[in-house]
Structure formats: structure tokens, C-alpha cells
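The values are calculated or read from the model by the stated rules, or taken from the named source; none is laboratory data. These figures come from a predicted structure and were not determined experimentally. Cβ placement follows ideal geometry from the backbone for every residue including glycine, while neighbour counts extend to all protein chains displayed. When the accessible area is computed, the model is the full protein with side chains, heavy atoms only, and any ligands, DNA or RNA have been set aside. Shrake-Rupley method; radii C 1.70, N 1.55, O 1.52, S 1.80 Å.
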Amino acid sequence: MSKVLITFWCCVFFSLRFIFLNSNASSITYNVLNFGAKSNGKSDATQPFLKAWVAACRSLNTATIYVPRGKYWIKSVTFRGPCKNKIIVNRISVIGGTLDGNGAGFWDCRKLGKNCPVGARSITFNWANDVVISGLTSLNSQLMHLVINSCKNVMVKNVRIIAPDFSPNTDGIHVQSSIGVTISGTSIQTGDDCISIGPATRNLWMDKIQCGPGHGVSIGSLARDYNEDGVQNVTLINSVFTGSDNGLRIKSWARASTGFVTNINYQNIMMKNVDNPIIIDQNYCPNNQGCPSQASGIKINQVTYQNIFGTSTTQVAMNFECSSSNPCSGIKLQDIKLTYLNNKKAQSICKNIRGNTGGVILPDNCLL
Ligand SMILES: *[C@@H]1O[C@H](CO)[C@@H](O)[C@H](O)[C@H]1NC(C)=O
């Protein structure tokens, strides 16, 4: 019961690779079959898809690109705007469909450390405003599944993301340099972060997210570059983590940076066997390269954790390792109930952190 519907107008380009789109019959405006696409999963459908895009892009009215049920093989491709219609600028919806990145061969190649192709993100939106992505499934992306970069006002809902937990760098949804992104009712099982949030993200709302396996919902890694814009006003609410490496994570390189993290709200979060349910790590420096004995310049403040409960698979259920040069401040803990496995006592670690607490705090509050 799915179709892909692309409604214009926009300044968008997104890249797909090996796309398998399933659709049923419905309102047809530009049917890719009429542009020579074959739904047999064998012929290269890249050019027909591009032609359909160009035709739709020339239309003066709202246009739909319709992809009937079938399997279409698509190489890396960019659909570019702006389109002709000047009245409704920047509106695009992608409805239904499945993207299959066929990542297994690529992951194997990387594991063997061979000379591998660069790999592909399954779908990327750059410089697009007023976007809706609904009912999309992404399978086995080679790299990140869905990237939202430099966009404004994006709604992601009822999306499913699936890849094995051993697949490297397959972040589920990556948001950066974007304002007003909503991610709702989305389930993510993957090999890297379920959702990763990069610099210059503002007003991000996430609710009803199911994450795991995966590396959690991560703000960061920040401070990769010295000149970085901050992350602000991010909410994650009514969500469940199951068997993920992390739950709520904020991560920054141990390097100087102009960046910051502020006004972050985590609320009503269930942790089921999560390795690190709550973690701030400002000492990120893999292989000790590029940051020996430095402290992170990222200033973290006003982070609220409210009603976070469930189980940790490691004893340290709350781990705040903030920067020695820029201590975390304004951290609020309210009603935290995390145990080590089912009923053992968990621990917390607090380094360079200030804040306050309310309600029940388990593991013992180390903020004081
Ligand atoms: C914070 O983000 C929410 C969306 O999550 C938005 O509705 C709200 O207006 C933003 N607040 C500010 C101060 O920008």
C-alpha cells in the first residue's frame, strides 16, 4: 500500500542508489514507466527517473512523480531544483516506497580494508524547505540512510530504517545545519547512531522514536571543526531504546571549538537493556589522534532529563564526562529510575558538571 509521491516545488537534490520502490496505483501525473523505467529490478532506471523529474520540474502546477509497485535499479543521482513553479516554492513530499542500499557487499569490502568504492547515502535532502517524508522504508544503506542537511521545516514521519547492528557508519537519520525538523513515529534499527545531530541544528523535535540496535540518539560528534555553530532547542520525548549501545548521548571531540549545545529536553524515555542510557562524552578522541591532552571547547548547558527509566546493561547508567575547560552547566535531572540489569544498583559518574535535581534519582545523584 505504498507509493512515492514527490510534490513540488523545491530547491532540492537528493541522491539515491539502488532504489526499490513499491507502489500501488493512484493519482498519476508523471509515471516513471512512461519515461522508460522498467520495474523488473534489472534495467537501469536512473535516466527515466531523471526525465520524470525534469518533466515534473517544468510543470507550472503541483506535480506528482508516480512510481508504480516494482523494483527499480537506480544509480547515484541528483534531482535538482529550483523548479518552474514560482508560486509554491520549496515544497516536496516523498510518500511511501522502499530504498534498498544493498549495503552488504560494501560493508564487507570495508571490513577487509580493501580499496572500496566511496559508498552512498540512500537519500539526502540539501537546501530543501517544507519537506515531508512519510511512510518511507530504508533498508541496508551503504552509509547513512537519510540525511537532512541545510533544510528548513522538515517532517519525517512513520519512517522505518533497518540495517544490521554490525553495519558500519549506517546512521539512521542525520540532521545538520537545519531548522525546524520533526521526526515522529519512526523506528530505527541500524549499525551506527539511530539519529545523529550535527552542528547548526535548531528547533529539532523527535517523538515516538524506537531505537535499537544502534548507537542511540546522539548530539555530535561536535568540535570536529574549530568554527562550528551550536545545537539548540532539541526535544526527544515518548521514546524507547531497546538493546542499543547508547540512549541519550552528547558527544564532542576533545578539541577547541566555538560550538555549543543548549536547551535540550529529554522526556519520558524508556531504556530496555541499553549499554549507556545517559551519557555525555566530551573526551572523544579516537586513536588519540588530533587532540592529545586537549579539552573540548563545546559549551553544554540547559540539558533536562525528565522521567528516564529502565535498565542499563553496564553498571554506569549515567555518565557525565564534561569538558574540564568548559564544565556542563544547568543540567537538570528529574525522576530518573535506571537499574543495572533488572534490579541491581546502577552507578553514576559526574565530571565537571553543575546542575540540579528533583524527584527520585536512581542511580544516586552525583550532581551535588
Ligand atoms: C523550539 O523548537 C520547537 C520545535 O521543537 C518550536 O516549536 C519552538 O518554537 C522552538 N523554540 C524557540 C525559542 O525557538
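Looking only at residues of the stretch 329-348 that are farther than 22 Å from N265 by Cβ and of a type in the set (A, V, I, L, M, F, W, C), we find that the one that is surrounded by the most Cβ atoms within 10 Å (Cβ to Cβ) is A346.
Filter the stretch 193-209 for residues that are within 16 Å of the ligand (Cβ to nearest atom) and in a loop (DSSP other than H, G, I, E, B); which is least open to solvent (accessible area, probe 1.4 Å)?
T201
All of (1) buried (at least 17 other Cβ atoms within 10 Å of the Cβ); (2) without any contact (Cβ under 8 Å) to a residue 60 or more places away in the chain; (3) under 19 Å from G358 (Cα atoms) hold for N326 with one exception: (3). Whether a residue is part of a loop (DSSP other than H, G, I, E, B) and among the polar types (S, T, N, Q) was assessed, and N319 does not pass this test. In the set (1) in a loop (DSSP other than H, G, I, E, B); (2) more than 19 Å from the chain's Cα centre (by Cα), the condition left unmet by S244 is number (2). Summed over the stretch 210-234, residues that are assigned to a strand (DSSP E or B), more than 14 Å from the ligand (Cβ to nearest atom) and buried (at least 23 other Cβ atoms within 10 Å of the Cβ) total 6. Of all residues in the stretch 97-117, those that are surrounded by 15 or more Cβ atoms within 10 Å (Cβ to Cβ) have Cβ atoms under 6 Å from Cβ atoms of residues that are of a type in the set (A, V, I, L, M) and modelled with pLDDT under 90, 6 or more apart or on another chain, in G97/V4; G97/L21; L99/I19. Scanning the stretch 188-212 for residues that are within 16 Å of I269 (Cα to Cα) and not small (G, A, S) yields I188, C194, I195, W205, M206, D207, K208, I209, Q210, C211. The number of residues in the stretch 235-266 that are open to solvent by less than 20 Å² (accessible area, probe 1.4 Å), over 25 Å from T190 (Cβ atoms) and within 16 Å of the ligand (Cβ to nearest atom) comes to 0.
Being among the aliphatic types (A, V, I, L, M), open to solvent by 40 Å² or more (accessible area, probe 1.4 Å) and under 30 Å from K111 (Cα atoms) holds for only one residue in I179, I162, and it is I162.
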